[in-house]
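The values are calculated or read from the model by the stated rules, or taken from the named source; none is laboratory data. Predicted model only: the values in this text are computed from it and were never measured. Methodologically, a virtual Cβ is constructed for each residue, glycine included, from the backbone with ideal geometry; neighbour enumeration extends over all protein chains shown. For the accessible areas, the whole protein counts, side chains as well, though only heavy atoms, and no ligand, DNA or RNA atoms are used. Shrake-Rupley method; radii C 1.70, N 1.55, O 1.52, S 1.80 Å.
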Amino acid sequence: MSREKKQSFMGGVTVMAVSTVFVKICGALYKIPLNNILGDEGATHFMSAYYIYALLLTISTAGLPLALSKLISEANATGRRTQMRRCLNAAMAIFVALGTLGSAIMLVFTEQLAALMKNPLAYWPIKCLGISVICVSVMCAYRGFAQGRQNMVPTAASQFIEAFTKLVVGLPLAWWLIRSGQPLEVGAAGAIVGVSAGIVLAMLYMTWEYRKHRGPIMWGTDRAQSYGTITRRLLALAIPITIGQSGMSLFNMLDQSIIMGQLQEALGYTNREAASLYGQFNFSNTLYNLPSSFLPAVAVSLVPAVTVAVARKDHREVNKVVTTSFRLIAMLAIPAGVGLSVLAGPILLMLYPAQRETAIAATYHLQLLGVASIFVCIMLLTNSIMQAHGKVRLPIYTMLAGGALKVGINYVLVANPDINIKGAPIGTLVCYGLIALLNLIVVSRLLEKKPNYPAIFAKPVIASAVMGAAAWASHGLFSRFLHGGYMKESLCTLLAVGVAVVIYLILVIALRMITREDLKMVPHGNKLARLLHIR
């Protein structure tokens, strides 16, 4: 065992969750002002580049960190340090090769990629993001190694560096470029320079962290597998995961291309008009993605923990970790999605005062996407459970079913002049609803003891419904007394959110949605249980 204290499953979740909170604060301070600066059209140019980057990045890194984490956790459990070193070296070679290819595609074929997205104005944003693919690939190799040893601190620190640098570099640069009279696409490119700078610094940190601690970790006398065997094992695990996750990234990229194409070709909008309409959908996406952004905090700890328990045939531990994960996600994702849906308009108007018309237009999108975010969280969690059990192909099939349905719905609905861009969130909601349902069925059949889904989800659904009603009613009540300006409207929204949070926390305790056993897995959980009188 290493000198570092091995973190428990919930300890790893806690580290990642705390980091994720800071990262999301930085992300909100970056993306919300950025949308106010760029507007709906500029946001589309930004996302055109980001969708391409996300696809190439997913191909380069999606499955390999999890595969590496799985192999490292197996070797670490038996003290096989030479095996750990060889796993990392084999994975790094693959990471570098794929990352180099991804960066080359973005830097060399920039114009063709922009045309593929039906948005030629995204040329410079795509170009500025190109170098990031290779840097993220190297960084993810070290992250996968650390996570396999159930040490989440380096990953958490690198995520914070990435997010903070993006904030302090990208946002001021975008503001300065727009203020200097540059077009929106150049401002979007400036914002992306901050993203690339953050990734480079985070990669350098992970490299330093690994080199600092590799001595006592990596050298052993055990007989390791050959590099060829390890590479085959890595690819056997990584390729299905990569196909599954890159498939969804591909569907997202195709989604924008189809929507932009239908708006221009079927409905006759110009490129800038179509970008403006699609930007309304993107404005709601920023908040819609917020609940699911906390899932990696669970997933990176869940996969190694379940992998070790499965290897030891400890079915009781598997069920315990999986059930706790389900309960945690249900308690967080359902109220978050309901809150976003119920208070969609007030939240958007509070966050985007400089883009009031766009915020009003985006309200419809967020009302549907708030519900969809719940299904996204369930999908991501169940994908991790299947991957930890070695069933890496199953998420591919469910993703293909949902993604194909999404593309088909958007192709038909967006071309309808009476529906227009409002078809986009409908396709998203139906897509993730179907995937979540299929995944829950698969997981139920995988586990030795089937999860009691009604018991897991019923109380959070009831509590969230009461919370949503209270949020809606309290906002209406506050609006009667506080109206007539941005500050008063924002205060109404914040007060309504506060009421919702308090009521939900009361219901969590009153309905006994969390147990003392759950809290024991959290640092200082016993003290918290006594404080809240949880038995």
Starting from the Cα of ALA157, move 7 Å in the Cα-to-Cβ direction to define the label point; list residues of region 82-115 whose amide nitrogen is under 13 Å from there.
-> none
Cα-based reach from LYS166 at 26 Å (exclusive), listing lysines while leaving out same-chain residues under 8 positions away | LYS24, LYS31, LYS127, LYS212
May I ask for log10 I(q)/I(0) of region 53-160 at q = 0.11 Å⁻¹, from a Debye sum over the Cα atoms as equal point scatterers with solvent left out?
-> -0.40
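Would you mind calculating the gained length between TYR453 and ALA104 on full extension (0.36 nm times residue separation, minus the Cα-Cα distance), in nm to one decimal? Intermediate values should be presented prior to the final figure.
Details: separation 349, 0.36 × 349 = 125.64 nm, distance 4.59 nm.
Result: 121.1 nm gained on full extension.
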Any idea what % of Cα-Cα pairs in the chain are farther than 39 Å?
-> 25
Counting only protein heavy atoms, what percent of the accessible surface of the chain is carbon or sulfur at a 1.4 Å probe?
-> 66
To the nearest 0.05, what FRET efficiency results for SER226 and LYS527 with a Förster distance of 56 Å applied to their C-beta separation?
-> 0.65
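Ratio of alpha-carbon Rg to the 2.2 N^0.38 Å globular estimate for region 299-447, to two decimals, please.
On the way: Rg = 18.2 Å, N = 149, 2.2 N^0.38 = 14.7 Å.
So region 299-447 has a normalised radius of gyration of 1.24.
Please identify the helices of the chain, taking whole runs of DSSP H, that span at least 27 Å along their own axis as judged from the Cα atoms and have a mean Kyte-Doolittle score of 0.5 or higher.
On the way: long enough: 9-61 (42 Å, 0.98); 81-108 (40 Å, 1.04); 184-218 (51 Å, 0.71); 227-261 (46 Å, 0.75); 315-342 (40 Å, 0.82); 356-388 (45 Å, 1.10); 394-414 (30 Å, 1.37); 423-446 (35 Å, 1.72); 453-481 (42 Å, 0.89); 486-510 (36 Å, 2.06).
For the chain, where a helix must reach 27 Å along its axis and average at least 0.5, the hits are 9-61, 81-108, 184-218, 227-261, 315-342, 356-388, 394-414, 423-446, 453-481, 486-510.
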1.4 Å probe accessible area per residue over region 143-288, in Å² = 41
